[in-house]
Amino acid sequence: TGPKGLHHLVYEVVDNAVDEALAGYCNTIDVRLLEDGSCQVTDNGRGIPTDIHPQTGKSALETVLTILHAGGKFGGGGYKVSGGLHGVGVSVVNALSEYVEVTVWREGKTHQQRFEQGNPIGELQVAPDADDRRGTQVRFKPDATIFSETTEFDYGTLASRLKELAYLNAGVRIDFTDERLQLTKNHEPHQETYYFEGGIREYVAYMNTDKQALHSEIIFVQSEKDGVQVEAALQWCVDAYSDNILGFANNIRTIDGGTHIEGLKTVLTRTMNTIARKRNKRKDADNNLSGENIREGLTAIVSVKVPDPEFEGQTKTKLGNTEVRGIVDTLVGETLTEYLEFHPSVADLILEKAIQAFNAAEAARRARELVRRKSVLESSTLPGKLADCSSRDPGE
């Protein structure tokens, strides 16, 4: 219930809108921080269903807002892949808010309901909608008795996550407005729009802004196998000597890596070594280039969408699905091999950098061994002037 939990309320509502986008029903998400300390999220998706839910006898909308794990995805007709650590969904937002107001536009009608402290206030109100809009709007104000530390949203924290979501979901437009005039510059609303047609390719370009790219075009993989969607974007840089790889699973940043990152690393090492031998950059007698050699200077993003994600570790920031390793390996391998066959000059640039890294690592290893061997030899016999002391005179 600290600041982290506070911002998670926003993400939970935004994730629902992103799910609609992933399912192909929504392309604009509007997020506003309002003067009274509430947050309002509007999308142009299908709208939360409002018909009577068979198990609860209440409207589906009320059910989603009041029952834990009721969300999502309403039987088989739901969304394929869901972002966020879902299931808990908006019911948690409702439980932790002073009030929630939901407006749904669908089928030519406007549906509205208000909740306070998690409980519905009156019935679902339905009125005709002359504009025939569609979408969902959720406005909520965090409960100060629960979030005792602070209920004030931090613009920067939310902005960086919303921007990240826009990068990860190409073509989705996210508008973010801060209407808390006492906090904004010049006391005017502050608005930013995040929209990236190129998705994670633009993310890699942004990460490499201040670096010198080894090859201008970002290598891009987008494919699907066994229900797992894989996107990867790769660009090597001349002036970087380590790798910078970001992993995401269902839009969640996997800080501790996981099987998708392992799959990427494995396939890079194998593919580049194969190409090195094909292009006579390595002779039969030469050692293989190591993964570290090949990844030197690489900026990469790998984003997977998995139907049933398993997150591991204390903070759930490591992807555990074993099948993802092989899928990433296969799909990235196919695209990368094909790309480098058609762009041999790019392959040569990457390999030359990797071979330089290999040679530098070898030279460093030899130098280390030499120093160690030397110090071992020096310490095994005492210097000449200080001969070993051995005397038979017990008086000494």
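Every residue in segment 11-61 that is more than 28 Å from LEU181 (Cβ to Cβ) and in contact with a Leu (Cβ under 8 Å, 6 or more places away or on another chain), please.
VAL18, ILE48, PRO49, THR50, SER59, LEU61
For segment 324-344, which residues satisfy the criterion of being under 11 Å from ARG270 (Cβ atoms) and of a type in the set (A, V, I, L, M)?
Answer for segment 324-344, where residues must be under 11 Å from ARG270 (Cβ atoms) and of a type in the set (A, V, I, L, M): VAL332, LEU336.
Any idea which of (1) within 19 Å of ALA240 (Cα to Cα); (2) within 21 Å of the chain's Cα centre (by Cα) is the one LEU319 doesn't satisfy?
In the conditions (1) within 19 Å of ALA240 (Cα to Cα); (2) within 21 Å of the chain's Cα centre (by Cα), LEU319 misses (1) alone.
Regarding SER216, is this residue among the small types (Gly, Ala, Ser), assigned by TED's automatic domain parsing to the domain that holds ILE327, without any contact (Cβ under 8 Å) to a residue 24 or more places away in the chain and surrounded by fewer than 16 Cβ atoms within 10 Å (Cβ to Cβ)? So that I can check it myself, show each step before the final result.
On the way: among the small types (Gly, Ala, Ser): yes; assigned by TED's automatic domain parsing to the domain that holds ILE327: yes; without any contact (Cβ under 8 Å) to a residue 24 or more places away in the chain: yes; surrounded by fewer than 16 Cβ atoms within 10 Å (Cβ to Cβ): yes.
Against the criterion (among the small types (Gly, Ala, Ser), assigned by TED's automatic domain parsing to the domain that holds ILE327, without any contact (Cβ under 8 Å) to a residue 24 or more places away in the chain and surrounded by fewer than 16 Cβ atoms within 10 Å (Cβ to Cβ)), SER216 qualifies.
What strands (runs of 3 or more DSSP E), lying completely within segment 109-207, carry at least 1 residues that are surrounded by 16 or more Cβ atoms within 10 Å (Cβ to Cβ) and touching a Pro at 6+ places or on another chain (Cβ under 9 Å)?
Answer list for segment 109-207: 109-116, 173-178.
Can you tell me which residue in segment 30-57 is surrounded by the fewest Cβ atoms within 10 Å (Cβ to Cβ), limited to those that are among the β-branched types (Val, Ile, Thr) and closer than 16 Å to GLY89 by Cβ? Show your work before the answer.
Pass one, segment 30-57, residues among the β-branched types (Val, Ile, Thr): 31, 41-42, 48, 50, 52, 56.
With the extra rule that they be closer than 16 Å to GLY89 by Cβ, the set shrinks to 41, 48, 56.
On the way: VAL41: 24, ILE48: 25, THR56: 13.
Among those that are among the β-branched types (Val, Ile, Thr) and closer than 16 Å to GLY89 by Cβ, it is THR56.
What pairs can you find where one residue is in segment 296-314 and farther than 30 Å from ALA360 by Cα and touching a residue at least 40 places away in the same chain (Cβ under 8 Å), the other is part of a loop (DSSP other than H, G, I, E, B) and aliphatic (A, V, I, L, M), and their Cβ atoms are less than 8 Å apart, with a gap of 6+ or different chains?
Pairs that qualify, where the first residue is farther than 30 Å from ALA360 by Cα and touching a residue at least 40 places away in the same chain (Cβ under 8 Å) and the partner is part of a loop (DSSP other than H, G, I, E, B) and aliphatic (A, V, I, L, M), are LYS305/VAL81; VAL306/VAL81; PRO307/VAL81; PHE311/LEU85.
How many residues are in contact (Cβ under 8 Å) with a residue 60 or more places away in the chain and in contact with a strand residue (DSSP E or B) (Cβ under 6 Å, 6 or more places away or on another chain) when one looks only at segment 180-213?
7
Can you say whether THR330 is under 28 Å from the mean Cα position of the chain (by Cα), surrounded by fewer than 17 Cβ atoms within 10 Å (Cβ to Cβ) and in a helix (DSSP H, G or I), as far as the supplied structure shows?
Spelling it out, THR330 is indeed under 28 Å from the mean Cα position of the chain (by Cα), surrounded by fewer than 17 Cβ atoms within 10 Å (Cβ to Cβ) and in a helix (DSSP H, G or I).
In segment 28-39, is there at least one residue being more than 26 Å from ASP143 (Cα to Cα) and modelled with pLDDT of 95 or more?
Scanning segment 28-39, I find at least one residue that is more than 26 Å from ASP143 (Cα to Cα) and modelled with pLDDT of 95 or more, so the answer is yes.
In the list GLU338, GLU310, GLU296, which residue meets the criterion of being in contact with a Lys or Arg (Cβ under 9 Å, 6 or more places away or on another chain) and of a type in the set (D, E, K, R)?
Exactly one of GLU338, GLU310, GLU296 is in contact with a Lys or Arg (Cβ under 9 Å, 6 or more places away or on another chain) and of a type in the set (D, E, K, R), namely GLU296.
Test of understanding: among ILE275, ILE261, ILE255, ILE294, which residue is closer than 27 Å to GLN212 by Cβ and within 15 Å of the chain's Cα centre (by Cα)? Talk me through it step by step, then tell me what you get.
Working: ILE275 fails: within 15 Å of the chain's Cα centre (by Cα); ILE255 fails: closer than 27 Å to GLN212 by Cβ; ILE294 fails: within 15 Å of the chain's Cα centre (by Cα).
Every option except ILE261 fails the conditions.
Quickly run through segment 219-254 and pick out the residues that are assigned to a loop (DSSP other than H, G, I, E, B) and surrounded by fewer than 21 Cβ atoms within 10 Å (Cβ to Cβ).
Taking segment 219-254 and keeping what is assigned to a loop (DSSP other than H, G, I, E, B), we get 226-227, 238-243, 250-251, 254.
The answer is ASP226, GLY227, VAL238, ASP239, ALA240, TYR241, SER242, ASP243.
Among SER290, SER303, which is more than 23 Å from ILE200 (Cα to Cα) and surrounded by 13 or more Cβ atoms within 10 Å (Cβ to Cβ)?
SER290
The values are calculated or read from the model by the stated rules, or taken from the named source; none is laboratory data. Note that this is a predicted model, so its numbers are computed, not measured. Note: ideal-geometry Cβ built from the backbone for every residue, glycine included; neighbour counts use all protein chains shown.
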